[in-house]
1. Can you list residues from other chains, or at least 5 along the same chain, whose modelled amide H is less than 5 Å from the amide H of A:Gly226?
2. Could you pull out every residue, at least 5 positions away or on a different chain, whose amide H is within less than 5 Å of the one on A:Leu172? Hs are placed 1.01 Å off N in the peptide plane, and Pro or chain starts have none.
3. Assuming R0 = 22 Å, what is the FRET efficiency of B:Leu5 and B:Phe42, from their Cβ-Cβ distance, to the nearest 0.05?
4. From the phi angles alone, apply the Karplus equation (6.51, -1.76, 1.60; θ = phi - 60°) to the stretch A:33-49 and give each ³J(HN,Hα) in whole Hz, x where the residue is Gly or Pro.
5. Note down, for the stretch A:181-223, the three equivalent ellipsoid semi-axes (square root of 5 times each alpha carbon gyration tensor eigenvalue), biggest first, whole angstrom.
6. For A:111-119, what's the mean count of beta carbons from other chains sitting within 10 Å of each residue's beta carbon?
7. Report the extension gain between B:Thr201 and B:Phe53 in nm, rounded to one decimal, defined as 0.36 nm multiplied by the number of residues separating them, less their alpha carbon distance.
8. Which of B:Leu185, B:Gly240, B:Asn101 sits closest to the plus end of the dipole of chain B, meaning its Cα is farthest towards the positive end, when Lys and Arg get +1 and Asp and Glu get -1 on the C-beta?
Amino acid sequence: MSSDLTLLHTRDLQTGYLSGSRRTVITQGPLDLEILAGQLICLLGPNGAGKSTLLRTLAGLQPALQGSIEIEGEATKRLTPVQLAKKVSLVLTDRVASSNLTVYSLVALGRYPYSSWLGLLSEADKSVIEWAVSMTGIESLIDRKMHTLSDGENQKVMLARALAQDTPILMLDEPTAHLDLPSRIQLMRLLHRLARQTHKGILLSTHELDLALQVAGEVWLLQPGGQLHRGAPEDLVLNGVFEEAFVKDGVLYDKAAGAFIIHSDNTVPITLTGSGVAAFWTQRALQRQGFVVNTPGDSLHTVHVSEEGGVIRWRLEGKDQTQIYGSIGTLLNVLRFREK
Amino acid sequence: MEGTLKKGRIIGLLLLLLLAFLLDISIGSIKIPLGEVFRILFSFHSENSTWQFIVEKIRFPKACTAVLAGFGLSVGGLQMQTLFRNPLADPAVLGVTSGANLGVASIMLAGGGSASLYAIKELGFSGSWLITCAACAGAGGVMLLVLALSSRLNSNVMMLIIGIMIGSITLSVISIWQYLSDPDLVKEYLLWNFGSLGGVTGSQLVILSLVVAAGLIIAFLSSKKLDALLLGENYARSMGLTPKKARIIIICSTSLLAGGITAFCGPIGFVGIAVPHITRSLFNTSSHRILIPACCLVGSVLMLLCDTAAQLPGFQTVLPINIITALIGAPLVIWIILHKNNLRNFG
């Protein structure tokens, strides 16, 4: 199974917390997992499924209940903390709340496993730090104090610190939490690029399903029961694993659209003709309004979308009248009025 | 540019330290001119033999003790604030200081008796070896207890709570003794509790300097570990630090510093909390490689100034040092908070 590309693999891994003499297994296993070089893996799953626990266990922050973890052919149990720190770097959810810490000193702390006993940096250390700073694009921040950064900047800096640690494996615990949409996309794009360019194995846990499906080479879907499904995201969609995972919570996943269905209790049928972008957005608007679009059977109304010379028109054909509208907004208003 | 700024501040503080040192020796119930102090210290000779005696036997050792106490308490405080990521931590949070207290109380109060009282009267009260040994034993005992517990714990927060609990237990045991003891003995004990830099001379001063030096060396050697701990235990561990080992080393260093100083000088409050904050705002850095020596400088200057303030001429009585440190230190910290607004940050 394991090839030259395999950075980490586990055998019969069981993770969880030991509380006193009572054994509490959070992630049931046994799990046989693999992280390959250059691979970006997204760990998905609802709150409480044990994402963080699995991540912490793989990173060596907490012991496995059973089974083994090998990184580059060596069992993590046998590695010293410093050796392990040269193999796996982390971005955690912990906030760094130190006022005098500058961005540069923080990134420089990534060199901890390599620097001298006094923490002095060599020229080689400095060039790695410089590389990490430029990879994450935080050159303009390096003199700032940590507590003046926004959440998005903070995550980039923490990522730079992990890069400075110069490890084959990088793990991130919910790196997109608290970020706004552009920052989330930027960060995911950055991670995707890093995996390809540096051939690091990157594992991140996230709730951002849409983004994960777009950037992940592989998805690990953790279920509350402790099962873990892994595979290319598209495979998981096609073989129905995704649908199954969420249907229990009453949430439907639309394979065809690649999105969650929010308006699942629509009843009024409507016919929509036309194609292209305008038709797509019209369908979404109609669904929000409570219509079931293009189902077999009788529908009271037909909407025809047409585009001529960059001008879009919506023709609404009812039982006894036909009218043309210039925007989706007016179309919806008319439909709302007619329903009454 | 930032580097030269820091160097400038270090040199400024060194000059200030020298000045405060001379001032502390010069000022007192008998005022000795600064020039004369300088001459006595560097040529060991003076026209005025009384002055020479006062400087050599009383004020020089006292100023040295003030410097040592400033070194130890502020570095101890810095280590505790970083280890526990808590801006209110000081060397006393480990309970080692109250351990020293307990040792002294057990000699002065529980001994209750004629024997210990005789020893104190005979050997002199503040410089008494008996008191010092008892305090050392108390501090050492609590330190061993804290170390034993810390090797079983996984979190620094638990360690903080346990340290404070041990301190509380110790203090309430002392309170019981106080309650049941002869008022005269309680008064003697309370006097010790005010703290005094004056009783440490000769061989005691040598021992205190050795203990403080050991503590400082350990602290400086662990400055890289302290830097990593600024990111919290999880990050520190992910970078290859073993939190338990680091904690034990840091507790060892702080216990030596705080325990030693409390044993010889009595409890001196506030320096441990205030100086790290003053130093951080002065040097604007989080690197312990710089903060530890800088804390030494700021702490010793503050202690010398406090000691000078305690014996200003015009006052016949010398005020206890423990009162002055808070009186000067507290306004300083308040000023820093108002100007920098950053006590919530402690790195």
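Where a number appears in this text, it was derived from the coordinates with a stated rule and is not lab data. All values derive from a computational prediction rather than experimental measurement. Cβ atoms come from the backbone with ideal geometry, glycine included; neighbour counts cover every protein chain shown.
1. A:Gln28
2. A:Val91, A:Leu203, A:Leu204, A:Ser205
3. Once the sixth-power term is evaluated, E becomes 0.10.
4. Rounded to whole hertz, the list is 10, 8, 10, 9, 4, x, 9, 9, 10, 9, 9, 10, x, x, 4, x, 7.
5. On the way: eigenvalues 55, 42, 11 Å².
Sorted largest first and rounded, they come to 17, 14, 7 Å.
6. Working: counts 1, 11, 5, 1, 2, 1, 5, 7, 9.
Mean shielding count: 5.
7. Numbers: separation 148, 0.36 × 148 = 53.28 nm, distance 1.33 nm.
Contour length minus the Cα-Cα distance gives 52.0 nm.
8. Projecting each Cα onto the dipole axis, the largest value belongs to B:Gly240.
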